[in-house]
């Protein structure tokens, strides 16, 4: 890893360079940044892992029903404005290559993808079936995306013949909810072949190393329902991924592990600790977790609850969930809410983990609140624009207070009392 990149990450975390270097050496920290971008000052490098601030990812991308490069670029812009650390392009509709390249051209944060989406979409466009996807085509897509400048890729290497056999024996409510996982389960069952991403993992490592692309080992068998959480197939997949973590480290390839999914509150901390144990503290990247199944339209909240607990338990990277999860492709507004919700969860977790600077930020904000310094509160808040708009909703007679207490402001009165003692 380029020394300048490490220096920038250390500065952003307010930590010694040596701390970042040791984390990279041990595999407890990754910096997803394609080798082609190492001299690109436009891109903000991001450290993900043990001892660092919990990071947030925003998913964008088209679907077969909604294809607009302009809309996806606006989502990219708004996600960055809201403070996302990375984005993933999950496009499955339209000119996937063109969309990815436009996102790469316009992004100032690292970009991830799920290469099997493109491989399957191109296979189906040729009037073939999912099971007719060719292994060589999948690897050529991976190479193409890495050559384009992608910084991290989700690869569902843990969906193997063995884990699929475990899946067959279970009576899961929601079965397989990962798109990439579903593609590979169908491919394995119909071809009776082993997952090429697992069987030829060394080839995958060679591509990743060539471009300094971080492998994000996807949880293709993650639970999509509370009742399915922590079952044998989820744990079986995680154990496969833990073995692959060590293979990647042997070849000095950066690697992180993905996690659930839907999971009840009481199982989150235990699961995070188990993942950290079996992978020897590989960075953990989770979707949510969503702590209930029954809140469509509010899943940015259900995921923020789970994300805060996960972060506090040791998770390093939160994938946002928007209000439209389970309902439709997210709008620009959904993207903004998703990022802000995930950032709140991440910071709440950082407070619990004792991450450097987290507690001090809250203390500084609280002092500004006590002093009724509204301008500094706005500046320090997680969403300054929201703060300002809420304050501007009412024409205040006394701008030193708010409409909740008005002239009976407890803080203002106590400031008067104690200043006179």
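The values are calculated or read from the model by the stated rules, or taken from the named source; none is laboratory data. Owing to the predicted nature of the structure, the values given are computational and were not obtained by experimental measurement. All Cβ positions, even for glycine, are placed from backbone atoms using ideal geometry, and neighbour counts span all protein chains on display.
Observations on the model:
- Here 386, 393 are screened, and the one residue that is exposed (fewer than 13 other Cβ atoms within 10 Å of the Cβ) and not assigned by TED's automatic domain parsing to the domain that holds residue 272 is 393.
- Restricting attention to the range 13-32, the residues that are in contact with a helix residue (DSSP H, G or I) (Cβ under 7 Å, 6 or more places away or on another chain), in a helix (DSSP H, G or I) and crowded, with 20+ Cβ neighbours inside 10 Å total 1.
- The listed residue being assigned by TED's automatic domain parsing to the domain that holds residue 119, outside any helix (DSSP H, G or I), closer than 30 Å to residue 291 by Cβ and out of contact with any strand residue (DSSP E or B) (no Cβ under 8 Å at 6 or more places or on another chain), out of 239, 221, 167, 184: 221
- Members of the range 39-61 that are in contact with a helix residue (DSSP H, G or I) (Cβ under 6 Å, 6 or more places away or on another chain) and without any contact (Cβ under 8 Å) to a residue 60 or more places away in the chain: 47
- Every condition in (1) more than 19 Å from residue 253 (Cα to Cα); (2) within 21 Å of the chain's Cα centre (by Cα); (3) at pLDDT 95 or above; (4) not assigned by TED's automatic domain parsing to the domain that holds residue 285 is met by residue 56 except one, and the failing one is (4).
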